[in-house]
Structure formats: C-alpha cells, structure tokens
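Data first, discussion second: the structure below is written as structure tokens.
The values are calculated or read from the model by the stated rules, or taken from the named source; none is laboratory data. Source: prediction; values computed, not measured. FYI the Cβ positions are ideal-geometry reconstructions off the backbone, even for glycines, and counts take in every protein chain you see.
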C-alpha cells in the first residue's frame, strides 16, 4: 500500500469536483489526476497546484485501473476512488515540506516510501508523539547520515514556532515565513557516533538559524542548550 498524490493544476475545476463529487464530469473536465502506479488500497493526498499550492483532501483507491467501454469515460482508463475527506485547514506545500521533507508536487506521483508516514501524519494534523523514536545515523549512498522526517516533524510541532534558544516566536514572525528560520538540532551529535543509534524527540531541540550557528561556533564541540542560554544572557 502506497501513498499517492492526486494532482490538479486548475484550482477552480478541482474545487468544484471536491464540492460536488458525485457528478461525473468525464475525462476532459476532471480536476484531479492519479499517477499510473495507483493501485487498489493506496492512500491518496489531493493536491492543488498553481497559485494555491495546497493539500486539500485525503482518500483511498477503491479499485484498480480499467478501460471504460461506455459512458463519458468510454475508451479512457479510469479507477474508482472513495469520496475524499477535506483537510481543514488545508496544508500548504511549504508547510508540508517543513514538517515532512516532501518537496512541493509538480504532478501526480507516488510519495517516496521513507517520507510516507510523516506526510500522512501531517495530512491528518496529527499531534506530535512525545515518545517518538527512530533509528538514525545509517549511512546513505552519499555517505551522509540519515535523519528521520518523523522525528523532525514531532520536534517542530512540539516547538510550535518558538526557538528554544532565544525564545523568539517565529510562528508569528514575518507572517508564517518565519518558521522557515527554524532548524532541528540533535543535542547528541550524530557525527560523534560510528554506528546507527536510537534517537528520541526529547534529544532534539528546535532553534533558529542564528542560535544554531552559535551552538556550532566551535566546530569541535557544540554548545548545549543550557550553555547557549548563558551565552545569550552574557
């Protein structure tokens, strides 16, 4: 079972389809399109591109692809899906990328497997799990160390836009753009471990870019959050 993105470029047409789902508009008037990899049982995230750039609903594939022999879809391949559930409020593409690591979709596609759980949780407006833990530090092909999007999402939701260093509320700074100034810092440095290690959300700190630079001003030894507070008070 995969998580797939049903994409729409025409926001007005897509919204009309969501508002009156039972109307069969046919292939030439359909608002949303599924990737060809869609299969029975797959979960769906409905995304409107263009100026809106928002995830607006969730659903599920109910039957595999088939070719219609009659009706408005005659000669075209189609698949049955359950009626979508609106996301209230919708989730912007930038917010989804910040919380889950998923880049803004440009077409109907399959969500990468390693991001699917974090994306689905974000679509559900699911609160962070204070006991969240994941195995981190495994080597990737680029020799960097894997960091869990699930833990990143949990830490950011816990912080709710506030830097744990200087205390500035970036959730209200410069509209909502200020949240993009926040980064997730590992209080136990992954670079100091030779083997993958379990990380809990309690071992993550959400700080602004300025505070993060202060934490790592000495490349050999990072400041603790407590040490950072003393530096900021001096």
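Looking only at the range 93-123, residues that are over 16 Å from residue 152 (Cα atoms) and in contact (Cβ under 8 Å) with a residue 40 or more places away in the chain come to 10 in all.
Here the range 60-103 is the region considered, the condition is being in a strand (DSSP E or B) and farther than 19 Å from residue 121 by Cα, and the residue that is modelled with the highest pLDDT is 81. Pairs are defined by a Cβ separation below 7 Å, a sequence spacing of at least 6 or placement on different chains, a first member in the range 220-232 that is part of a loop (DSSP other than H, G, I, E, B), and a second member that is buried (at least 16 other Cβ atoms within 10 Å of the Cβ); the pairs so defined are 222/215; 223/214; 223/215. Please determine whether any residue of the range 104-127 is more than 15 Å from the chain's Cα centre (by Cα) and at pLDDT below 90. No, the conditions are met nowhere in the range 104-127. Scanning the range 7-53 for residues that are closer than 21 Å to residue 114 by Cβ and either touching a helix residue (DSSP H, G or I) at 6+ places or on another chain (Cβ under 8 Å) or not assigned by TED's automatic domain parsing to the domain that holds residue 87 (or both) yields 43, 45, 47.
Yes/no matrix, rows are residues, columns are (1) free of Cβ contacts under 8 Å to residues at least 40 places away in the same chain; (2) more than 16 Å from the chain's Cα centre (by Cα):
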| residue | (1), (2) |
| --- | --- |
| 45 | no, no |
| 54 | yes, no |
| 71 | no, yes |
| 78 | no, yes |
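Being part of a loop (DSSP other than H, G, I, E, B), at pLDDT below 90 and surrounded by 15 or more Cβ atoms within 10 Å (Cβ to Cβ) holds for only one residue in 31, 26, and it is 31.
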